[in-house]
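J.: Structure below; questions to follow.
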Amino acid sequence: MQPELLTQYKEQVVDQLRKTLELENVHQVPRLEKIVLNCSVGKEPDRKQAIEDAVKEISITGQKPVITLSKKAIANFKLREGEAIGVKVTLRGRRMYDFMMRLVKTAIPRIRDFRGVTPRAFDGRGNYTLGVAEQSIFPEIELDKIKRSLGFDVTFVTSTNNDDHAREMLRALGMPFRTRTQQPKKEEAASA
């Protein structure tokens, strides 16, 4: 059985995007290729325990993360070459669509004072990166068992090189982008 979001993409979003983006061929319609979650614990004094906590927290994706190692030693940060500094996981296929559905439908709306995610975090090649300040927005995580607040980046890698096409595709999949009327005013942003 297909994930609900994949079924929605195939049945509704492809036709909708083809009309709005004025694309000739169905294969030109942008699609989601993978979602990459990256969590770094570099500043923590007890890195080994922090890595274990990060592995446990990022495992909510349904896939075990890979531990990333430092490439070179930096004395000012008390970092040795080959030392564990974070975790990452790459989601594809069914797990990717399941995770995106949980992120968009349940986790993001739980953010306090949420007004939408910024539509300007594209990299110029159609990929969107969203920063999550702490893992407690996911309902699967028990708040009593959180030892440290971990933030992570969620990168949505798309098949298009056009940021506008990728933005429309993510919006059609349910990503709650902030509209112009929801943009925080300069006075509010400066005080925050």
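The values are calculated or read from the model by the stated rules, or taken from the named source; none is laboratory data. None of these values were measured; they are calculated from a predicted model. Neighbour counts run over all protein chains shown; Cβ positions are idealised from the backbone, glycine included. The accessibility values were calculated without ligands, DNA or RNA, using every heavy atom of the protein model including side chains. Shrake-Rupley method; radii C 1.70, N 1.55, O 1.52, S 1.80 Å.
J.: Considering the stretch 16-52 alone, what residues qualify as being open to solvent by less than 80 Å² (accessible area, probe 1.4 Å), in a helix (DSSP H, G or I) and either among the acidic types (Asp, Glu) or within 24 Å of ARG92 (Cα to Cα) (or both)?
T.: Listed by number, the residues that qualify are LEU17, VAL26, ILE51.
J.: What number of residues within the stretch 53-71 satisfy the criterion of being farther than 30 Å from ASN161 by Cβ and open to solvent by less than 70 Å² (accessible area, probe 1.4 Å)?
T.: So the count comes out to 7.
J.: Quick one: what pairs do we get from the stretch 12-34, first residue touching a residue at least 40 places away in the same chain (Cβ under 8 Å) and more than 14 Å from THR160 (Cα to Cα), second of a type in the set (Val, Ile, Thr) and open to solvent by less than 30 Å² (accessible area, probe 1.4 Å), C-beta under 9 Å, 6+ apart or different chains?
T.: Within 9 Å, the pairs are VAL13/VAL29.
J.: Sticking with this one: Yes or no: the stretch 83-93 includes at least one residue that is part of a helix (DSSP H, G or I) and either surrounded by fewer than 16 Cβ atoms within 10 Å (Cβ to Cβ) or not aromatic (Phe, Trp, Tyr) (or both).
T.: Yes: the stretch 83-93 contains one or more residues that are part of a helix (DSSP H, G or I) and either surrounded by fewer than 16 Cβ atoms within 10 Å (Cβ to Cβ) or not aromatic (Phe, Trp, Tyr) (or both).
J.: Here's another thing I want to ask about it. Read through the list (1) at pLDDT below 90; (2) assigned to a loop (DSSP other than H, G, I, E, B); (3) farther than 27 Å from GLY86 by Cα, then give the number of the only condition that GLU187 fails.
T.: Only one criterion in (1) at pLDDT below 90; (2) assigned to a loop (DSSP other than H, G, I, E, B); (3) farther than 27 Å from GLY86 by Cα is unmet by GLU187, namely (2).
J.: Also, quick follow-up: So, PHE99, is that one crowded, with 16+ Cβ neighbours inside 10 Å, outside any strand (DSSP E or B), aromatic (Phe, Trp, Tyr) and in contact with a helix residue (DSSP H, G or I) (Cβ under 8 Å, 6 or more places away or on another chain) or not?
T.: Criteria met by PHE99.
J.: Then there's this: How many of the residues making up the stretch 142-159 are part of a loop (DSSP other than H, G, I, E, B) and open to solvent by less than 20 Å² (accessible area, probe 1.4 Å)?
T.: Looking only at that region, the number is 1.
J.: In addition: Out of all the residues in the stretch 28-45, is one or more over 24 Å from LEU130 (Cα atoms), over 17 Å from the mean Cα position of the chain (by Cα), of a type outside the set (Ser, Thr, Tyr) and at pLDDT below 90?
T.: Yes: the stretch 28-45 contains one or more residues that are over 24 Å from LEU130 (Cα atoms), over 17 Å from the mean Cα position of the chain (by Cα), of a type outside the set (Ser, Thr, Tyr) and at pLDDT below 90.
J.: So, one more: Can you tell which of ALA84, ALA107, ALA121 is more than 23 Å from PHE177 (Cβ to Cβ), small (Gly, Ala, Ser) and without any contact (Cβ under 8 Å) to a residue 60 or more places away in the chain?
T.: That would be ALA84, the only listed residue that is more than 23 Å from PHE177 (Cβ to Cβ), small (Gly, Ala, Ser) and without any contact (Cβ under 8 Å) to a residue 60 or more places away in the chain.
J.: To continue, here is another question. Given the conditions (1) open to solvent by less than 70 Å² (accessible area, probe 1.4 Å); (2) closer than 30 Å to GLN2 by Cα, report the number of the one that LEU79 does not fulfil.
T.: Looking at each condition in turn, LEU79 falls short on (2).
J.: Any idea which of ARG120, ARG115 is in contact with a Pro (Cβ under 8 Å, 6 or more places away or on another chain), at pLDDT below 90, surrounded by fewer than 16 Cβ atoms within 10 Å (Cβ to Cβ) and in a loop (DSSP other than H, G, I, E, B)?
T.: ARG115
J.: While we're on this one: Filter the stretch 138-166 for residues that are closer than 19 Å to VAL41 by Cα and more than 13 Å from the chain's Cα centre (by Cα) and give the result.
T.: Matches in the stretch 138-166: ILE141, LYS145, ILE146, LYS147, ARG148, SER149, LEU150.
J.: ARG167 - would you say it is closer than 30 Å to GLN2 by Cα, open to solvent by 60 Å² or more (accessible area, probe 1.4 Å) and outside any loop (DSSP other than H, G, I, E, B)?
T.: no
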